Amino acid sequence: MSNLTIINPTSITDAMLLDTNILENDYPEWSSTTTYATAARVIKTSTHKIYESLQDGNLNKDPETEASWWIEVSATNRWKAFDTSNSTQTEGAASVSDYLIYYKLQMGMSPTTSVAALNISNPLDLQVIVTSPSYGEVYNETFDLRPMISASDWWSWFFGERTEITQKIITDLPAYYDSVVEFSLTGGEDLALGVLILGQQRIFGLGIQYGARIGIQDFSRKETNEFGDMILVKRAYARRASFDLMILSSEVDSFIRFLSSIATIPTVWIGPEEYEALTIFGIFKTFDITISYPNHALFSVEMEGLT
């Protein structure tokens with residue numbers, strides 16, 4: 001099986017966001033002179049968060065500091081693509097003929113080699129353009145994300161179910177300092193994007209071994225009422241994976257240092273391309289390295305995806 005690729009994301013700041021078509025007007029901006037009722041919602045563009053009032057008579061209580069008066073709901077629609085939740089989605093905005101999610105980002109002095117778009121809904125095409133201030137446009141690729149047939153026979157072509165593409169990972173961006181990355185995702189009316197990751201990739205190992213394990217942790221609730229009826233409360237779920245990887249002995253120390261540096265940072269772990277489920281956005285739960293051979297070691301890891 002293929003090597004292990006890890007994308008260490010670059011944290012996106014206000015200064016890096018040069019342009020976008022996604023407005024930040026989910027709710028009114030919080031005002032210290034407005035009295036809010038219970039369940040009233042506001043945003044603060046300084047934090048890019050949505051807040052909900054917990055009490056009536058909510059006057060001059062800053063949502064950032066007054067936890068007894070406000071609860072944080074989520075990031076705003078513009079910034080949901082850059083939060084650490086894969087289940088919250090940035091919704092596309094209507095354009096000329098379809099719906100569009102567009103971001104133009106100044107990546108600074110950290111060369112960007114990878115883009116990962118995860119939890120996509122109803123996409124058509126994705127375009128990535130990279131521009132260098134010294135060399136001009138150095139990358140311009142468009143990818144078809146239309147649903148694919150799940151089988152190769154004629155009946156399936158005309159009548160079979162189409163499988164929607166829910167993620168796209170690009171790992172061949174040229175590395176330039178101070179580059180500008182333009183991300184354009186087009187689709188239908190329900191176009192949405194869970195997470196947009198831009199960062200540098202690191203490749204380790206001699207191949208993930210067969211026997212990799214994939215699963216999910218479902219946070220839905222099952223309850224039984226007084227009449228014995230089963231009530232299901234649907235909630236988010238997170239992917240889980242565990243696998244073994246053979247690595248060179250010369251990689252062991254640098255690999256441990258790298259993993260220690262990302263211990264609390266959500267990263268993108270990419271396994272074999274033929275298994276989308278082996279792409280995990282999350283953190284590792286545990287890992288072990290066994291010095292099995294003179295020139296090789298066995299790396300075992302258990303991954304926890306983020307909802």
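The values are calculated or read from the model by the stated rules, or taken from the named source; none is laboratory data. Keep in mind that what you see is a predicted model, and the values were worked out from it rather than measured. In this analysis, Cβ positions are derived from the backbone assuming ideal geometry, glycine residues included, and neighbour counts consider all displayed protein chains. SASA here: full protein model, heavy atoms, side chains in, ligands and nucleic acids out. Shrake-Rupley method; radii C 1.70, N 1.55, O 1.52, S 1.80 Å.
Below is a table of values for the structure above.
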item: Part-to-part distance (alpha-carbon centres) for the stretch 256-307 and the stretch 12-42, which is given in Å; result: 36
item: Whole-number accessible area per residue in Å² for the stretch 18-110, which is evaluated in the context of all protein chains at 1.4 Å; result: 51
item: Highest-MSF residue in the chain out of Glu52, Glu72, Glu161 [GNM, Cα springs under 10 Å]; result: Glu161
item: Length-normalised contact order of the chain in % [C-alpha pairs under 8 Å, at least 6 apart]; result: 20
item: Label-to-label distance, nm, for residues given as Asp190 and Ile71 (7 Å Cα→Cβ offset); result: 2.7
item: Residue-averaged [θ]222 nm for the chain, counting only DSSP H segments that reach four residues, each worth -39500 (n - 2.57); result: -1500 deg cm²/dmol
item: Karplus-derived HN-Hα couplings along the stretch 187-195 (A = 6.51, B = -1.76, C = 1.60, θ = phi - 60°), whole Hz, x at Gly and Pro; result: x, x, 4, 9, 4, 7, 9, x, 9
item: Tilt relative to the chain, helix 252-261 - C-alpha long axis, 0 to 90 degrees, to 10; result: 0
item: Carbon and sulfur %, accessible surface of the chain computed with the full protein complex present, 1.4 Å; result: 50
item: Listed pairs Lys80/Lys222; Lys44/Lys222; Lys104/Lys222 exceeding 32 Å between Cα atoms; result: Lys44/Lys222; Lys104/Lys222
item: Label-to-label distance, nm, for residues given as Phe287 and Glu302 (7 Å Cα→Cβ offset); result: 1.6
